[in-house]
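A quick write-up on the structure given underneath.
The values are calculated or read from the model by the stated rules, or taken from the named source; none is laboratory data. Keep in mind that this is a model prediction, so the values were computed, not measured. Cβ: placed from backbone, ideal geometry, glycine included. Neighbour counts: every protein chain shown. Note: areas computed on protein heavy atoms with side chains; ligands, DNA, RNA excluded. Shrake-Rupley method; radii C 1.70, N 1.55, O 1.52, S 1.80 Å.
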Amino acid sequence: MAIQDTRPFQTLLRQQRTTLLGQLATLRGGASSRAEASAAHYAGREDSTASVASERELEFALDARETSELAAIDAALQRIATGTYGECTDCGTEIPAARLHAAPEAPRCVHCQEAAEKT
Ligand SMILES: [Zn+2]
């Protein structure tokens, strides 16, 4: 059975989404300016490629994490729109409200989430 009153969760998800978009914008703005700064700093040095590459890998890793969180939030908002919010996407069990308050983007019940993380 899906959650009947999804409004509090919708509010939470929208807030998280706004925060994440802001973080991504900062991250992407910071990534390009820092990469330029590194390129200028290392210009002419033989190890420049390796140093800049590892810094960029870190930026991309952070970016990927924020992006996947954003995808989870969008998916949760989609489930609210289709009326299936609060149901585990794997087994269909109702996800406890306490879990949704802690992690409104959670797509699975604790049991299925643990199973998904093991694979
Ligand atoms: Zn489940």
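Residues checked against (1) at pLDDT 60 or above; (2) outside any helix (DSSP H, G or I); (3) over 30 Å from residue 13 (Cα atoms); (4) of a type in the set (Gly, Ala, Ser):
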{"residue": "26", "(1), (2), (3), (4)": "yes, no, no, no"}
{"residue": "30", "(1), (2), (3), (4)": "yes, no, no, yes"}
{"residue": "55", "(1), (2), (3), (4)": "yes, no, yes, no"}
{"residue": "58", "(1), (2), (3), (4)": "yes, no, no, no"}
{"residue": "61", "(1), (2), (3), (4)": "yes, no, no, yes"}
{"residue": "65", "(1), (2), (3), (4)": "yes, no, no, no"}
{"residue": "68", "(1), (2), (3), (4)": "yes, no, no, yes"}
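Counting the residues of segment 1-13 that are out of contact with any Ser or Thr (no Cβ under 8 Å at 6 or more places or on another chain), more than 12 Å from residue 70 (Cβ to Cβ) and surrounded by 13 or more Cβ atoms within 10 Å (Cβ to Cβ) gives 6. So which residues in segment 97-119 are of a type outside the set (D, E, K, R) and within 11 Å of the ligand (Cβ to nearest atom)? Answer for segment 97-119, where residues must be of a type outside the set (D, E, K, R) and within 11 Å of the ligand (Cβ to nearest atom): 106, 107, 109, 110, 111, 112, 113, 115, 116.
Which of the residues that make up segment 98-114 are open to solvent by less than 50 Å² (accessible area, probe 1.4 Å) and either part of a helix (DSSP H, G or I) or among the small types (Gly, Ala, Ser) (or both)? Let's see the steps before the verdict.
As a first pass, look at segment 98-114 and keep what is open to solvent by less than 50 Å² (accessible area, probe 1.4 Å): 100, 103-104, 106-107, 109, 112-113.
Selection gives 100, 103, 106, 112, 113.
Counting the residues of segment 72-89 that are over 16 Å from residue 7 (Cα atoms) and open to solvent by 60 Å² or more (accessible area, probe 1.4 Å) gives 1.
Scan segment 42-50 and give yes if some residue there is outside any loop (DSSP other than H, G, I, E, B), modelled with pLDDT under 80 and surrounded by 13 or more Cβ atoms within 10 Å (Cβ to Cβ), otherwise no. First the steps, then the outcome.
Going residue by residue through segment 42-50, those that are outside any loop (DSSP other than H, G, I, E, B) are 42, 48-50.
Adding the requirement that they be modelled with pLDDT under 80 leaves 42, 48-50.
Restricting the remaining residues to those that are surrounded by 13 or more Cβ atoms within 10 Å (Cβ to Cβ) gives 42, 48.
Within segment 42-50, one or more residues are outside any loop (DSSP other than H, G, I, E, B), modelled with pLDDT under 80 and surrounded by 13 or more Cβ atoms within 10 Å (Cβ to Cβ).
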